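Chemist: Have a look at the structure that comes next, please.
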Amino acid sequence: MSVGEEDVNIVIASSAAGGDEGNGSGTQPSVPTRVTAAVPTVVSASTTHTSGPTRTSAPSTRNPGPTTPATSRASGTPTTHTSGLISNASHTPGPTGTSGATVNPTGPTSSPSNIPRPTGTTANATNPTVPTRMPAPATPTQNPPRTPIPTTHNPGPVRTPANAPRVPGPSRTPGPARGTPRPVPKPDTGGHTVNYKKEKAFPIRKYCVPTVAVLLVLASIAVISILIKVVLDNYYYFCVKSFKFIPLDQWCDGKSDCAGDEDESRCVQPFDVTTNSMVRFMEAGSLLQLYASSRTSWSFICSDNWDASKAKAVCAQVGYYSEPVSSSVSISDLSTSSAILYSTVQVLSDQRIQVNPLLGGSCTSGRVVSLSCAACGIGHKQQRIIGGTNSDILRYPWQVSLQYMGQHICGGSILNSRWILSAAHCFDKGQKQIDRWRVQYGVTTLTYLFGSYVDKIFLHSRYVANQKPNDIALVKLKSDIAVSTSVQPVCLPGYDNQIVAGSVLWVTGWGHTVEGGSALSSQLQEVTINLISSATCNQEYGGQILQSMLCAGKLEGGSDTCQGDSGGPLVSLGQNSRWDQVGVVSWGDGCGRPNKVGVYTNVQTFLNWIYEVMKQVA
Ligand code: 4AZ
């Protein structure tokens, strides 16, 4: 989207009864916990071990024996103990709040000094009943792994750390063998036994080398597989039934190359509509009108005997299957001057509807039906800041990104939980394979993960590739979209919706922000533009502007759509304060050039095609 200066405008969308394609609709609006570089809690009390327990707060049965150098991992300076925490120049204590006990590598030793434990540190070294020594999360190089010495001991002989040269003690009991359960610690009984466990060096050669080799082989296989898949995906299609590859350009080329037409079965296809919908909606009040063939005319539907089942049946006729909302409007409030006819509706056993003319035009209730087949057009707040270019999906929750093989190709809009409206030319460049398309919705910033799968894609049957007319497409999703604040359908305009030249319109997309640019916008953009009369537009475009197209932009240039915006919605604030999609981004001469405004598919002229496709393909 190319964006220039924007005006602040209020939308005035006028509505008047007028001729159209014979049908139409409008539906009612609707910390991460900062891993605080764990301030090392170093309690540097340099209490050397002395004989006899002096602590009362955590009665330890451990009577320190003669002090042994802290460990071989330490500097060799005497270990200093505090209440449960050992502080030592080379011993990096655990971070505050860490519950790993900081222990004296020489074994649990009570300290005579009652230095308070640092806040938040759960030190259990002082607890004689907790012999397991959990190494504090210190740097491994500083604190090599040590095997806990599970046995508690009382005034014992000189204790030697497990990984220091062992000095035979008078009554050393060997520690438990590797892998054997740790003995349940018993309270010290005053014995002098110290258990040691000798740590074996990890046999790096034995285990690491083969493991690394296996990992390398697996990684190589994965890389090669990915490469093969990428090559195949880009150049070949695999026919599952006939178990063969065909060149990619034969997939979805209109000719069968695989058994059972497999290569032609899941492709973008034209859809020819030959029937006329018998349902339409006025823009004002979303008043329902049905075509009574017996009278060969459209009539309002009298509220007499109207109920939810009738509302559902009527909405199914235009391809809407969610819960409709209906209300009634007094006939006296109708602002139409044409001869008004009233009918009632009957639902047939096959759920089709039958329109019954009311004899004499009488309607007992004096009210007619207003019907919304979807809670649509509930979008951005109307008191909006004009001029900003960065937008938010909450403002335009119907905006979607159509993606092919993980690339954003076009915009689109949500009509209901299954259907997306877009432009036919989005599927021009060989992007015909349905299974490679994804629809991304509910996002402000373009993302490519978890898009919805596509079931079918239909182009208007009179659209010709690389030509401008009938540039409209419908995408049917494989599963329902769940509506939320960031995912909402847009309304289709009423059959009689009229927007006059100068009306303010909004268009959104992730397209280029500079003509000829190479990058999409990662954040959804919006731009405010005005409806330009077809007469004015045709002067610039040499008569190419048809009734089925709309022109919108700024004649001075600067505010426009661009590559990547195609298929996206041009919306107006319609009557009933709901957002109607009046256009689909289609084409234009460059982006944002003066007197070369954007050209849009006129949605109103395709209401019948949209309704019939959604109804027939349901
Ligand atoms: C495009 O290439 C495109 N300025 C879309 C819109 C416009 C131009 C190009 C209108 O998809």
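The values are calculated or read from the model by the stated rules, or taken from the named source; none is laboratory data. Just so we're clear, the structure is a prediction, and the values are computed from it rather than from any experiment. A quick note on method: Cβ atoms are made from the backbone with ideal geometry, for glycine too, and the neighbour counts reach across all protein chains shown. Ligands, DNA and RNA are excluded from the accessible area calculation, which covers all protein heavy atoms including side chains. Shrake-Rupley method; radii C 1.70, N 1.55, O 1.52, S 1.80 Å.
Chemist: Is segment 389-616 rounded, prolate or oblate when judged by the Cα gyration tensor, a ≥ b ≥ c being the square roots of its eigenvalues, rounded requiring a/c under 1.5 and prolate requiring a/b larger than b/c?
Modeler: Rounded, since a/c falls under 1.5.
Chemist: Need one word for segment 534-594: rounded, prolate or oblate. Basis is the Cα gyration tensor (sqrt eigenvalues a ≥ b ≥ c); a/c below 1.5 gives rounded, then a/b vs b/c decides. Intermediate results must be reported in sequence, preceding the final value.
Modeler: Details: a/c = 1.80, a/b = 1.43, b/c = 1.26.
Here segment 534-594 falls in the prolate category.
Chemist: Report, to the nearest whole %, how much of the accessible area of segment 221-264 belongs to carbon and sulfur atoms, 1.4 Å probe, protein only. Let's see the in-between values first.
Modeler: On the way: 2050 of 3060 Å².
C and S atoms contribute 67 percent here.
Chemist: Tell me which residues come under 5 Å, amide H to amide H, from Asp455 once H is placed; ignore anything under 5 positions away on its chain.
Modeler: Amide H neighbours of Asp455: Lys476, Leu477, Lys478.
Chemist: Counting heavy atoms of the protein chains only and a 1.4 Å probe, report the per residue accessible area for segment 389-616 as a whole number of Å². It would help to have the intermediate numbers written out before the result.
Modeler: On the way: 7380 Å² over 228 residues.
Averaged over the residues of segment 389-616, the accessible area is 32 Å².
Chemist: Which of Lys255/Lys429; Lys432/Lys476; Lys229/Lys456; Lys255/Lys432 have a Cα-Cα distance over 21 Å?
Modeler: Numbers: Lys255/Lys429 18 Å; Lys432/Lys476 14 Å; Lys229/Lys456 25 Å; Lys255/Lys432 13 Å.
As for pairs spanning more than 21 Å Cα to Cα, those are Lys229/Lys456.
Chemist: I need the peptides 267-274, 509-516, 582-589, 321-328 ranked by packing, meaning the mean over residues of other C-beta atoms within 10 angstrom, with the highest value on top.
Modeler: Details: 267-274: 15.6, 509-516: 19.6, 582-589: 24.4, 321-328: 17.6.
Per-residue Cβ counts within 10 Å, averaged per peptide and sorted highest first, yield 582-589, 509-516, 321-328, 267-274.
Chemist: Sticking with this one: Treating the beta-carbon of each Lys and Arg as +1 and of each Asp and Glu as -1, no other charges, what is the dipole magnitude of segment 389-616 about its Cα centre, to the nearest 20 debye?
Modeler: Numbers: 16 positive and 16 negative charges, 107 e Å.
With Lys and Arg at +1 and Asp and Glu at -1, about 520 debye.
Chemist: Additional query: All other residues with a Cβ under 14 Å from the Cβ of Lys241 taken together, and with Lys, Arg as +1 and Asp, Glu as -1, what is their net charge?
Modeler: On the way: positive: Lys244, Arg266; negative: Asp257, Asp261, Glu262, Asp263, Glu264.
Around Lys241, the charge tally is -3.
Chemist: A further question on this structure: With a probe of 1.4 Å, find how much accessible area segment 221-264 has per residue, and write the answer as a whole number in Å².
Modeler: Details: 3060 Å² over 44 residues.
Per residue, segment 221-264 has an accessible area of 70 Å².
Chemist: Calculate, in whole percent, how much of the Cα-Cα pair population of segment 221-264 lies beyond 16 Å. Don't skip to the answer; put the middle values down first.
Modeler: Numbers: 368 of 946 pairs.
Tail of P(r) above 16 Å: 39 percent of Cα pairs.
Chemist: Give, as a single signed number, the net charge of other residues whose beta carbon lies under 10 Å from the beta carbon of Val507, with Lys and Arg counted +1 and Asp and Glu -1.
Modeler: Values: positive: none; negative: Glu526, Asp560, Asp565.
That sum, taken over residues with Cβ under 10 Å, equals -3.
Chemist: Using per-residue counts of other Cβ atoms within 10 Å, averaged over each peptide, order 394-401, 228-235 from highest down. Intermediate values should be presented prior to the final figure.
Modeler: Details: 394-401: 24.5, 228-235: 10.8.
In decreasing order of mean packing, 394-401, 228-235 become 394-401, 228-235.
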